[in-house]
Amino acid sequence: MNKIIKLFTLFLFYSIPALHAQHAPFYSEIQDFKKQDSLHFPPSNAILFVGSSSFRKWQDVQDYFPGRTIINRGFGGSSLPDVIRYADDIIFPYNPRQVVIYCGDNDLAASDNVTANIVFTRFTQLFDIIRNKMPSVSIAFVSIKPSPSRQHLMKKMDDANMMIKEFLRNKKNAAFIDVYSAMLDANGSPRKDIFLSDNLHMNEKGYAIWKKVMAPFLVKK
């Protein structure tokens, strides 16, 4: 019996620290944002970009919108539940005048069981969370983009985009930004010349399209 107790004690000794060491997905990236903020906290009343890697990889986004102050908090291959999880860390501390969201792409790619309606429901949850804490903030959703590597998901993307567009149509101080249509060729397929070699993330041509479509929707001072 004493031997069993000792073994159990050793198990607890080694397992508890391991459990504490485990964190939610993208925890380290969120900590990197906090470290950046501790060195130089972004100005309030800026435009906050949140979402997945299409924002994260837009490292020079400020250069595209020189007349506006942009805070970029896109992270990893995040999905809408990830943005919801970290809202207290990457949205509310900045007191932005506008929150621009790009997310949902990875939600659909994660599992065949994720439907357009699930993405829509997740977005409305995020929308309500933001509005409940910041009632007057402007919220814009950048449509889920089509890409060659995820062409099989385009029907779901289109359906999710349409549901979100209709939802935002009836909301004050909110906008749906349709980059989806501008990224298609004459045959209705994703333009291959605006993507990197992975056929998922955009090159400068792709971001130039986003700039043109998004600019009219970004609030001014």
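The values are calculated or read from the model by the stated rules, or taken from the named source; none is laboratory data. Just so we're clear, the structure is a prediction, and the values are computed from it rather than from any experiment. Neighbour counts are summed over all protein chains in view; Cβ atoms, including those assigned to glycine, are modelled from backbone coordinates with ideal geometry. Areas reflect the complete protein model, heavy atoms only, side chains present, ligands, DNA and RNA absent. Shrake-Rupley method; radii C 1.70, N 1.55, O 1.52, S 1.80 Å.
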Size of electric dipole in the range 49-113: Cβ of Lys, Arg +1 and of Asp, Glu -1, about Cα centre, debye, nearest 20:
260 debye
Carbon plus sulfur, as percent of the 1.4 Å-probe accessible area of the chain, comes to 55 percent
Based on the alpha carbon coordinates of the range 95-207, what radius of gyration and maximum Cα-Cα distance (Dmax) apply, in Å?
14.6, 43
Simple spin-label model, 7 Å along Cα-to-Cβ: Asn199 to Asp128 in nm?
3.9 nm
How about Lys172: which lysines have a C-alpha closer than 29 Å to its C-alpha, ignoring those fewer than 8 places off in the same chain?
Lys133, Lys145, Lys155, Lys156, Lys211, Lys212, Lys220, Lys221
Computed over the chain, protein heavy atoms only, probe 1.4 angstrom, the accessible area per residue in square angstrom equals 53 Å²
Which FRET efficiency value, to the nearest 0.05, do you get for Asp185 and Lys57 by plugging their Cβ-Cβ distance into 1/(1 + (r/R0)^6) with R0 = 30 Å?
0.85
Can you put Arg122, Arg85, Arg56, Arg169 in order of accessible area, largest first, using a 1.4 Å probe?
Arg169, Arg85, Arg56, Arg122
If DNA, RNA and ligands are ignored and the probe is 1.4 Å, what is the ranking of Lys57, Lys155, Lys212 by accessible area, most exposed first?
Lys212, Lys155, Lys57
Dividing the helical contributions, -39500 (n - 2.57) per DSSP H run of n ≥ 4, by the residues of the chain yields a 222 nm value, nearest 500 deg cm²/dmol, of -13500 deg cm²/dmol
By the scheme Lys and Arg +1, Asp and Glu -1, what is the net charge of all other residues having a beta-carbon under 11 Å from that of Tyr27?
-2
The simple spin-label model distance between Lys211 and Asp32, using points 7 Å out along Cα→Cβ, in nm, is 2.4 nm
Exposure of His23 as accessible area (Å², to 10), given a probe of 1.4 Å and all protein chains:
100 Å²
